[in-house]
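These notes are about the structure you will find just below.
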Ligand code: FE
């Protein structure tokens, strides 16, 4: 019997390595959040314009919940890079971040509903945006930090996120429709990371 095994496409991890290196340079150089978001936006737009680098292990949906896979964390936890993988119909709860963040869509599309809080702590619905493949959005306590993200594609959607901290360990909150906040720490779905440090090839 002949087994027909498809040739695995070798992910171009040099792209992820170059991205985290360049991001580190932006963060070394810029102290201002607006400058970091502007510099990071250019880098993330380039990385999600090329779908040749994300290893399959970090692109696997879960049947029930969206998944977040840590791809890289800065040694001083100044930033982290995460792949979010959404199966059909999956969504986050309404949540905040407490640090700056950038979201770039690598595959599919995402619906982003923004919220603010009024003086009594209630949630006020803001704009709804569809982010398509290649587009980049920003969050932070300064530019707007509370949102809900839903897969807007019939198939799997994947977005690449960068945050100004080790996001899986950050104490933040989810929100009920009433505005009631519930503390949460997201963690990550993966126990191992892509090896971007084998530079022998
Ligand atoms: Fe978010």
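All of the numbers you see were taken from the coordinates with simple rules; none came from a lab. Predicted model only: the values in this text are computed from it and were never measured. Glycine gets a Cβ as well: all are built from the backbone with ideal geometry, and neighbour counts include every protein chain shown.
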Residues in region 25-44 that are surrounded by fewer than 16 Cβ atoms within 10 Å (Cβ to Cβ) and either in contact (Cβ under 8 Å) with a residue 60 or more places away in the chain or in a helix (DSSP H, G or I) (or both) total 7
Checked region 122-155 for anything farther than 21 Å from residue 186 by Cα and surrounded by 16 or more Cβ atoms within 10 Å (Cβ to Cβ); matches are 123, 131, 133, 135, 136, 152, 153
What about residue 123, is it over 13 Å from the mean Cα position of the chain (by Cα) and away from the ligand (no atom under 13 Å from the Cβ)? yes
Within region 69-99, the residues that are part of a loop (DSSP other than H, G, I, E, B) and in contact with a strand residue (DSSP E or B) (Cβ under 9 Å, 6 or more places away or on another chain) are 74, 79, 87, 88, 89, 90, 92, 93, 96, 97, 98, 99
The number of residues in region 141-160 that are within 14 Å of the ligand (Cβ to nearest atom), in contact (Cβ under 8 Å) with a residue 60 or more places away in the chain and over 19 Å from residue 68 (Cα atoms) is 1
Selection over region 73-91 where residues are closer than 15 Å to residue 131 by Cα and within 13 Å of the ligand (Cβ to nearest atom) yields a count of 3
Yes/no for residue 47 being without any contact (Cβ under 8 Å) to a residue 12 or more places away in the chain, touching a strand residue (DSSP E or B) at 6+ places or on another chain (Cβ under 9 Å) and away from the ligand (no atom under 14 Å from the Cβ): no
